[in-house]
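Trainee: Would you mind keeping the following structure in view while I ask a few things?
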Amino acid sequence: MNKILVTRSSMPELDEYINEIKEIWDTHWMTNMGPKHMQLQEALRSFMGVENVELFTNGHMAIELTLQAMNLRGEVITTPFTFASTTHAIVRNGLEPVFCDIDPVTFTMDTGKLEGLITERTCAILPVHVYGNVCNIEEIDGIARKYGLRVIYDACHTFGETYKGTGVGCFGDASCFSFHATKVFNTIEGGAVSFHDKRLGDALYDLKNFGIHGPEEVSAVGANAKMNEFCAAMGLCNLRHLQDEISKRKAVAERYRSHLAGVEGLQLNVVQPEVTSNYAYFPVVFNEQLFGSDRDHAYDALAEHDIHARKYFYPLTSTYSAFHGKYNALETPVALQVSKRVLTLPMYADLALEDVDRICEIVLSSRK
Ligand SMILES: *Cc1c(COP(=O)(O)O)cnc(C)c1O
């Protein structure tokens, strides 16, 4: 049997990519906001239905430099049920993460617990649209406005989605996306920020290009986080196939549901009727008492068949050894429970439906 990983990067036909990068051999313009970069930026702005987009080398630098561009001080309220990047972006800016618990159904920030965490030192909220589930945007917006806080969404899981008919990148002050090879849409490595305020765009541009404004003019102390032309070209190719990619993922998700929906002790991801899903992940939360077996058991059973699911997100970022026990995971009990029980099953456009059948069979027979 073939090895199955949790994801498999989408790539265009080789000829399509070669065709896309041919011009680079004519111009020798490989990076520094060349024509591919500008073309992808414009294509994404239009596709995402947002006012402004800045491209980056990766999703992490998009988040980290957005926080820096806002010139924040103090505490940032976020969730620990996320990828390392979200929390690291806060800490690497000299800001203090304050961990809010998550909602047990959407796995996004539990806005009922948000207001109680606000102090006079709070400067921003950094919620995560987990697995493509969109946060409680109205509540977060209302609370942010009431207290004068900035809102930066970690939208790395939600590329291509709309919420109530509006592009998911339109909410908050800024939304950060990842185009890493493992994401629904990839530029090999890459990222983007969508935002409203043009002045934020100027600051982001400075930060991604050393603050250089002319051959003899450097007006800000920026870093280097520019997307290069080869990555932008990959994005232009992959963007053409995105809808097809998402419909194939949808078929995989439906096949999973046909086997696993209604099984006692298995919680499948919520369907948010106001969201057009990108089917980024297929998480399953195991309730050991009801299902008769736990997450780790299913994980091991799959691994024995060379099928590699992921405990994503486990552990919580707040418990990383990097933070030396500074944060208490018991303060986010739902996040802690979910992280111990969740398994994301293999999910990608070219996953064969017969393989989905086999994966479900193994999961179901992992019960003692
Ligand atoms: C992938 C991801 C990131 C970081 O993106 P990179 O492009 O890998 O730097 C940040 N947050 C979340 C939730 C992600 O899934």
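Trainee: Would you list which aspartates and glutamates come within 17 Å of K368, measuring only between C-alpha atoms, while excluding same-chain residues fewer than 8 positions from it?
Mentor: K368 reaches E264, E288, D294, D296, D300, E304.
Trainee: Using a 10 angstrom Cβ neighbour count of at most 15 plus a DSSP loop assignment to flag exposed GluC sites (Glu not before Pro), which longest range of the chain is free of such sites? The partial results should precede the final answer.
Mentor: On the way: sites that count: E13, E51, E120, E216, E264, E274.
With a cap of 15 other Cβ atoms within 10 Å, the longest stretch comes to 121-215.
Trainee: Could you put L44, L149 in order, starting from the residue whose Cβ has the fewest other Cβ atoms within 10 Å? The partial results should precede the final answer.
Mentor: Working: L44 23, L149 18.
So the ranking, lowest neighbour count to highest, is L149, L44.
Trainee: Could you derive backbone 3J(HN,Hα) for the range 262-267 from the dihedral phi with the Karplus parameters 6.51, -1.76 and 1.60 (θ = phi - 60°), listing whole Hz in sequence and x where the residue is Gly or Pro?
Mentor: Each residue's phi maps through the Karplus curve to give x, 6, 5, x, 10, 9 Hz.
Trainee: Counting Lys +1, Arg +1, Asp -1, Glu -1, what net charge surrounds E189 among other residues with beta carbon under 13 Å of its beta carbon?
Mentor: Values: positive: K183, K226; negative: none.
Local charge sum for E189: +2.
Trainee: Let me ask something additional. Projecting each Cα onto the charge dipole of the range 294-368 (Lys/Arg +1, Asp/Glu -1 at the beta carbon, about the Cα centre), which of L330, P315, A303 comes out farthest on the positive side?
Mentor: Farthest along the dipole direction, towards plus: L330.
Trainee: K311: which lysines have alpha carbons under 16 Å from its alpha carbon, excluding same-chain residues fewer than 8 sequence positions away?
Mentor: Of all the lysines, those that pass the test against K311 - Cα under 16 Å, at least 8 places apart if same chain - are K340.
Trainee: Could you tell me which helices of the chain pass both thresholds, a Cα extent of 24 Å or more along their own axis and a mean Kyte-Doolittle hydropathy of at least -1.0, with helices taken as whole DSSP H runs? Could you put the intermediate results ahead of the total?
Mentor: Numbers: long enough: 242-260 (27 Å, -1.13).
None clear 24 Å together with a mean of -1.0.
Trainee: Hey, another quick one. Count neighbours as other Cβ atoms within 10 Å of each site's Cβ, and list the trypsin sites (Lys or Arg not before Pro) in the range 199-239 that are DSSP loop with at most 16 such neighbours.
Mentor: Values: sites: R199, K208, K226; in loops: K226.
Of the trypsin sites (Lys or Arg not before Pro), not one in the loops of the range 199-239 has a Cβ with at most 16 other Cβ atoms within 10 Å.
Trainee: If I model a spin label at E264 and K326 as a point 7 Å from the Cα along the Cα→Cβ vector, what separation in nanometres do I get?
Mentor: 4.5 nm
Trainee: Return the distance in nm (one decimal) between the two label points of a simple spin-label model at R145 and S219, each offset 7 Å from Cα along Cα→Cβ.
Mentor: According to this spin-label approximation, the distance is 3.3 nm.
Trainee: Quick check on the exposure proxy: order M48, M227, M61 from fewest to most C-beta atoms within 10 angstrom.
Mentor: By the 10 Å Cβ count, ascending, the order reads M48, M61, M227.
Trainee: Please list 3J(HN,Hα) in residue order for the range 105-117, calculated via the Karplus relation 6.51 cos²θ - 1.76 cosθ + 1.60 where θ = phi - 60°; whole Hz, with x for glycine and proline.
Mentor: Per residue, the Karplus-derived 3J(HN,Hα) values read 9, 9, 6, 9, 3, 7, 5, x, 9, 6, 4, x, 9 Hz.
Trainee: With labels modelled as points extended 7 Å from the Cα through the Cβ direction, what inter-label distance (nm, one decimal) is found for R8 paired with S247?
Mentor: Those two pseudo-labels are separated by 2.0 nm.
Trainee: Over what distance in Å are the Cα centres of the range 96-142 and the range 228-282 separated?
Mentor: 24 Å
Trainee: Sequence neighbours fewer than 8 away in the same chain don't count; with that in mind, list the lysines whose C-alpha is under 21 Å from K146.
Mentor: The reachable lysines, counting only those whose Cα sits under 21 Å from K146, are K113.
Trainee: Which value, in debye to the nearest 20, gives the size of the charge dipole of the range 35-138 about its Cα centre, when Lys and Arg are +1 and Asp and Glu are -1 at the Cβ? Intermediate results must be reported in sequence, preceding the final value.
Mentor: Values: 6 positive and 12 negative charges, 72 e Å.
Its charge dipole is roughly 340 debye.
Trainee: Suppose the chain between D202 and I18 were pulled fully straight at 0.36 nm per residue; how much longer would it get relative to their current alpha carbon spacing?
Mentor: Values: separation 184, 0.36 × 184 = 66.24 nm, distance 3.29 nm.
This chain segment gains 62.9 nm when fully extended.
Trainee: Please arrange M1, M234 by counting, for each residue, the other beta carbons lying within 10 Å of its beta carbon, fewest first.
Mentor: Values: M1 8, M234 25.
Ordered from fewest to most neighbouring Cβ atoms within 10 Å, M1, M234 come out as M1, M234.
Trainee: Let me ask you something else. Explain nothing, just compute: Karplus ³J(HN,Hα) = 6.51 cos²θ - 1.76 cosθ + 1.60, θ = phi - 60°, for every residue of the range 98-103 in order, whole Hz, x for Gly and Pro.
Mentor: 10, 8, 9, 6, 10, 7
Trainee: Dipole magnitude of the chain about its Cα centre, charges +1 at Lys/Arg Cβ and -1 at Asp/Glu Cβ only, in debye to the nearest 20?
Mentor: Here the chain has a charge dipole of around 540 debye.
A short reminder: the numbers here are calculations on the coordinates, not readings from a lab. Owing to the predicted nature of the structure, the values given are computational and were not obtained by experimental measurement. So basically every Cβ, Gly included, is an ideal-geometry build from the backbone, and we count neighbours across all protein chains shown.
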